[in-house]
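What follows is one structure encoded as structure tokens, with my remarks underneath.
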Amino acid sequence: MTKIRYERPVIQKIEAGMPNKFGTKSEYHPMTHIDGVAVNDLVKEYGSPLFVISEKTIRNTYRRTKKAFTTRYPKVQFAWSYKTNYLDAVCKVFHQEGSWAEVVSGFEYEKALSNGVEGSKIIFNGSGKTEEDLNRAIENESLIHIDNLDELYSIIDIAENSNRKPKVAIRVNMDTGIYPLWDRFGFNYENGQAWDALNKIMNNSRLELVGLHCHIGTFMLSPNAYAIAAHKLATLFNEIEHKYKHRLKYIDLGGGFSSKNTLKGSYLPGSDINPDMEDFAEAISSALLNFDFKTNELPTLVLETGRALIDDAGYLISSVISNKRSSTGKRTTIIDAGVNIMFTSFWYDHKITPAQAFTHYSEPTVVFGPLCMNIDVIRESADLPLLNKGDKLVIQSVGAYNMTQWMQFITYRPNVVLIDENSTVHLIRHGDNLETFKNKEVVPEHLSNFEL
């Protein structure tokens, strides 16, 4: 019989997590498998660190969210936010589910087209559209959401030399009770900027105004803020029809819905306090249905939901490099995944779960990445069991933004795999290697040789 390792009794200060009826520990079972596939097998085949995406979770989350809105409002269209996660395999899952594409750059626009999305089902947002971007979007009959007057004038200029009639909307920023206001983008509702832009569009016969758009913030925790936004856009919608006898087609409330991640500084876990999609759906649909729209003339509700649909589908498997004690005696664990590939560590306290059996003894632990930077901190304090070199950890809810904001810095970016609904593993992005970068570099001839 194997001798059980002795664990000394200790008195420790609570620094990670809120107590529950069992104490402070929140993890009682290791996460040895993801969608039926063993973590150790994934690492053996694809290396560590490793991003894992669950196709089953994506589809289930999308269908649950769609149901939340369509059971409350009859005309709903989702548009997948490419900036949230633009890996082709991920985008195509959403497109298979019926989601259009929402992009904010020429790069993302090209990706959407290459994924087979027809131009008329691409929404082009953002403040950085180039003349080339606008020309291409107009030629493909995409929906262009205008951010500023300079962009509007560029579109008018292009339209004058084109046989196409650009389909446009304007982005509106507004006071919804959430501060600071997101007024960098679009035209302000309260000071008349929005009406100024709308009047310019409606008095130009070369443009077709088809909708109104807003995106009021990110990781929003207030469903009522969306109700206010919906009411204000609906007001503009009806006033345009009254003034110009022109009926728009849609109201686009953007994205920004929170996932179940826990924001840094939050007193309780995000899974306990963040609103459900049903809460957002109820607030938005009630605001629109209670407005003065005729039943057979409701505008289509467009949603550009990103984070809330993909966060929980993403995992990052990482391995323990070493353990040590800080000068204050606090336990620290260094893993092989840093903030260069886990950008969201700067604003979330991601849930971290061991991937192998562990003892019931735990300590508040600082989890560091492998980078030679003091800011390379995955968790400032996580209640974790004692971990050994080579042990595996699963960092959860990392599907949003990490695979679009990651960077090659000190370490290579890793492989990304997708586990399909039949638990089959697919490599959907190769990790970096030296050739990834050498192929992009050019060394002048006079620097080719040297002696040391």
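Throughout, read-outs are computed from the coordinates displayed, never taken from laboratory work. Just so it is clear, the structure is predicted and the values come from calculations on it, not from any experiment. When we count neighbours, we look across all protein chains shown, and the Cβ atoms used for this are built from the backbone with ideal geometry, even at glycine.
Things worth noting here:
- Rounded to the nearest 20, the Cβ-based charge dipole of segment 55-311 about its Cα centre (Lys and Arg +1, Asp and Glu -1) stands at 700 debye.
- Each of Asp175, Asp157, Asp252, Asp133 has some number of other Cβ atoms within 10 Å of its Cβ, and from fewest to most they run Asp157, Asp175, Asp133, Asp252.
- Inter-centroid distance (Cα atoms) of segment 212-266 relative to segment 390-435, Å: 33 Å
- Here the chain carries DSSP beta bridges of which approximately 45% are antiparallel, counting only pairs with both residues inside.
- Net charge dipole, segment 303-435: roughly 520 debye, given to the nearest 20, about the Cα centre with Cβ charges of +1 for Lys and Arg and -1 for Asp and Glu.
- Counting beta carbons within 10 Å around each of Val76, Val442, Val90 and listing the fewest first gives the order Val442, Val76, Val90.
- Per residue, the average separation of C-alpha pairs within less than 8 Å and at least 6 apart gives segment 47-198 a relative contact order of 14 percent.
- Residue range of the chain that is longest and free of GluC sites (Glu not before Pro) which are both DSSP loop and sparsely packed (at most 10 other C-beta within 10 Å): 8-440
- In Hz, Karplus ³J(HN,Hα) per residue of segment 303-317 (6.51, -1.76, 1.60; θ = phi - 60°; x = Gly, Pro): 10, 9, 5, x, 3, 5, 8, 10, 3, 5, 8, x, 10, 10, 8
- About its Cα centre, the chain has a charge dipole of approximately 1280 debye under the convention of +1 per Lys or Arg Cβ and -1 per Asp or Glu Cβ, with nothing else charged.
- When each of Leu253, Leu387 is scored by the number of other beta-carbon atoms lying within 10 Å, the sequence from fewest to most is Leu387, Leu253.
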